[in-house]
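Data first, discussion second: the structure below is written as structure tokens.
The values are calculated or read from the model by the stated rules, or taken from the named source; none is laboratory data. Everything numeric in this text was worked out from a predicted model, so none of it was measured. As a convention, Cβ positions derive from the backbone with ideal geometry for all residues, glycine included, and neighbour counts pool all protein chains shown. Ligands, DNA and RNA are excluded from the accessible area calculation, which covers all protein heavy atoms including side chains. Shrake-Rupley method; radii C 1.70, N 1.55, O 1.52, S 1.80 Å.
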Amino acid sequence: MRTQVGIIGAGPAGLMLAHLLHRSGIESVVIESRSRDYVEQRIRAGVLEQGTVDLLNETGVGERMQRQGLVHAGIDLRFGGRSRRIAFDELTGKHVVVYGQHEVVKDLIAARVRDGAQMFFDVTGTAVADLESDRPVVRFRDANGEPVELVCDFIAGCDGFHGICRPAIPEGVLSVYDRIYPFAWLGILAESKPVQDELIYANHERGFTLISLRSPTITRMYLQCDPEENIDEWPDERIWDEIRARLAGEDAPDLVPGPVIQKGVTAMRSYVVEPMQYGKLFLAGDSAHIVPPTGAKGMNLAIADVKVLAEAFDAFYGRGDSGRLAAYSETCLRRIWKTQRFSWWMTSMLHRFEGGAFDHRVQLAELDYVTTSRAASTTLAENYVGLPFE
Ligand SMILES: Cc1cc2nc3c(=O)[nH]c(=O)nc-3n(C[C@H](O)[C@H](O)[C@H](O)COP(=O)(O)OP(=O)(O)OC[C@H]3O[C@@H](n4cnc5c(N)ncnc54)[C@H](O)[C@@H]3O)c2cc1C
């Protein structure tokens with residue numbers, strides 16, 4: 001088989017890239033190791049920056065998001081037993097939209113099916129080769145176990161953090177920048193009416209908690225926990241009690257417990273590789289970088305990368321201009337590092353660290369400053385709604 005761009009991974013990065021390329025008349029093939037059903041049900045991120053929302057709308061895949069997404073014009077920061085609001089709309093004129101990553105994935109797959117473009121689900125044994133040549137190759141077995149060789153002009157490694165593309169780059173090419181946090185998030189999805197319309201980020205001596213939502217009837221909540229936390233030791237009752245304890249104080253939100261329909265522990269890590277390109281292979285999204293979820297940036301960064309990459313392919317195929325492809329990594333990394341900084345800062349300000357009472361007092365002072373200084377609130381707001389795409 002032959003194509004212009006071979007795309008490995010049908011997450012937000014791979015599917016959005018395929019969609020943008022199709023709109024530019026560039027052919028691509030998407031290869032995914034999971035089933036369509038699995039990727040369409042995989043619960044992950046859920047906060048879309050304004051730029052992501054605009055891109056989905058402008059490229060014709062935002063119709064369901066417009067109907068079902070929840071527009072949020074601010075968040076609450078809760079500390080010292082009180083909540084204070086950061087008003088995004090008033091500070092920046094922008095907002096975010098709460099709409100599950102798996103819903104974005106469903107919309108992008110539907111668009112690809114509608115466009116009659118090629119996708120392989122349930123593939124096994126994916127491998128890439130000849131990355132330095134003019135004919136890089138993707139090899140895999142299709143859902144029937146038949147071997148396929150896909151010869152490409154370029155390969156986009158959109159296969160997430162545990163994919164095969166980044167490890168296919170020879171040793172010594174990539175520089176790795178990494179931070180592993182000494183805590184994780186225990187996340188739940190519950191059939192329960194959200195306590196309020198907007199998210200609550202709470203700093204508490206017992207640890208951080210985040211109250212989020214997916215719909216008017218589904219609540220999403222997270223608790224800071226140990227990275228080795230045994231989920232079996234967290235029956236539903238204990239989770240609700242712990243969240244209630246971490247929200248205690250004046251104007252404590254009124255939790256309405258309901259059946260927990262999903263539970264899991266997510267590690268917290270900041271990670272970047274540089275450069276995001278080797279020969280004809282371009283890395284995008286989680287295959288090149290990971291952020292702790294505190295700033296709600298993972299999926300948004302993946303979308304921002306592929307917007308840059310799609311425009312670079314468009315310049316190459318449309319005008320024979322390879323300058324933008326050559327600049328891809330540098331262009332993306334400028335914004336990625338600013339977003340890394342924001343995610344690290346939110347994580348540092350809101351979680352309990354081992355530093356004890358002194359560090360906690362400094363965090364409270366910072367939260368007080370961020371919520372009372374217009375300049376500081378604006379800094380948080382403009383990062384949260386998303387820095388401009390490069
Ligand atoms: C459990 C979890 C919870 C998260 N929660 C949040 C959150 O609340 N907020 C937030 O902002 N971010 C969150 N994130 C991060 C966010 O979901 C990711 O940043 C986002 O999915 C990145 O998109 P991507 O397309 O780059 O990678 P992915 O979504 O990981 O997609 C990569 C795809 O490649 C496929 N693949 C892998 N290897 C191969 C192979 N060898 N061959 C073919 N296909 C392959 C995978 O199956 C996958 O479908 C979470 C991540 C995880 C793991």
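When PHE353, PHE342, PHE313, PHE358 are screened for being closer than 30 Å to GLN4 by Cβ and of a type outside the set (Gly, Ala, Ser), only PHE313 passes. Among the residues of segment 211-222, just one is surrounded by fewer than 23 Cβ atoms within 10 Å (Cβ to Cβ) and among the hydrophobic types (A, V, I, L, M, F, W, C), namely ILE218.
Scan segment 348-372 for residues that are at pLDDT 95 or above and either open to solvent by less than 70 Å² (accessible area, probe 1.4 Å) or at positive phi (or both) and the total you get is 12. Checked against (1) within 15 Å of the ligand (Cβ to nearest atom); (2) among the charged types (D, E, K, R); (3) farther than 17 Å from TYR177 by Cβ, ASP321 meets all criteria but (1). Assess whether GLY51 counts as being more than 8 Å from the ligand (Cβ to nearest atom), farther than 25 Å from LEU189 by Cα and within 15 Å of the chain's Cα centre (by Cα). Answer is yes for this residue. Beta carbons closer than 6 Å, at least 6 apart along the sequence or on distinct chains, pair a first residue in segment 370-381 that is β-branched (Val, Ile, Thr) with a second that is part of a helix (DSSP H, G or I) for VAL370/ALA376; VAL370/LEU380; THR378/LEU91. Of everything in segment 266-292, what is modelled with pLDDT of 95 or more, open to solvent by 10 Å² or more (accessible area, probe 1.4 Å) and on the phi < 0 side of the Ramachandran plot? Give them in sequence order. Scanning segment 266-292 gives ARG269, SER270, TYR271, GLU274, PRO275, GLN277, TYR278, LYS280, ASP286, ILE290, VAL291. Among the residues of segment 320-342, write down those that are touching a helix residue (DSSP H, G or I) at 6+ places or on another chain (Cβ under 9 Å) and among the small types (Gly, Ala, Ser). Residues satisfying the conditions are SER322, GLY323, ALA326, ALA327.
In segment 294-323, the residues that are open to solvent by less than 20 Å² (accessible area, probe 1.4 Å) reach residues that are among the hydrophobic types (A, V, I, L, M, F, W, C) and more than 14 Å from the ligand (Cβ to nearest atom) with C-beta atoms within less than 6 angstrom, at least six apart or across chains, in these pairs: ALA304/PHE389; ALA310/LEU21; ALA312/LEU325; PHE313/ILE26. One residue stands out in segment 146-169 among those that are more than 16 Å from ALA288 (Cβ to Cβ) and more than 16 Å from the ligand (Cβ to nearest atom): the one that is least open to solvent (accessible area, probe 1.4 Å), namely VAL151. Here ILE180 passes the criteria (1) away from the ligand (no atom under 14 Å from the Cβ); (2) over 23 Å from the mean Cα position of the chain (by Cα) except the one numbered (2). For segment 192-202, state whether one or more residues are touching a Gly at 6+ places or on another chain (Cβ under 7 Å) and assigned to a strand (DSSP E or B). No, there is no match, as no residue in segment 192-202 is touching a Gly at 6+ places or on another chain (Cβ under 7 Å) and assigned to a strand (DSSP E or B). Residues in segment 245-262: is at least one closer than 25 Å to ALA10 by Cβ and either part of a loop (DSSP other than H, G, I, E, B) or open to solvent by 60 Å² or more (accessible area, probe 1.4 Å) (or both)? Within segment 245-262, one or more residues are closer than 25 Å to ALA10 by Cβ and either part of a loop (DSSP other than H, G, I, E, B) or open to solvent by 60 Å² or more (accessible area, probe 1.4 Å) (or both). Evaluation of ALA143 against the conditions (1) over 27 Å from VAL291 (Cα atoms); (2) touching a Cys at 6+ places or on another chain (Cβ under 7 Å) shows that the sole unmet condition is (2).
Answer yes or no: is there a residue in segment 336-355 that is more than 22 Å from TYR201 (Cβ to Cβ), without any contact (Cβ under 8 Å) to a residue 24 or more places away in the chain, more than 16 Å from the ligand (Cβ to nearest atom) and among the small types (Gly, Ala, Ser). Taking every residue of segment 336-355 in turn, none turns out to be more than 22 Å from TYR201 (Cβ to Cβ), without any contact (Cβ under 8 Å) to a residue 24 or more places away in the chain, more than 16 Å from the ligand (Cβ to nearest atom) and among the small types (Gly, Ala, Ser). Evaluate the following for ARG206: is it touching a strand residue (DSSP E or B) at 6+ places or on another chain (Cβ under 9 Å), more than 15 Å from the ligand (Cβ to nearest atom) and in a loop (DSSP other than H, G, I, E, B)? Against the criterion (touching a strand residue (DSSP E or B) at 6+ places or on another chain (Cβ under 9 Å), more than 15 Å from the ligand (Cβ to nearest atom) and in a loop (DSSP other than H, G, I, E, B)), ARG206 qualifies. The residue list ARG135, ARG139 contains one member that is basic (Lys, Arg) and part of a loop (DSSP other than H, G, I, E, B), which is ARG135.
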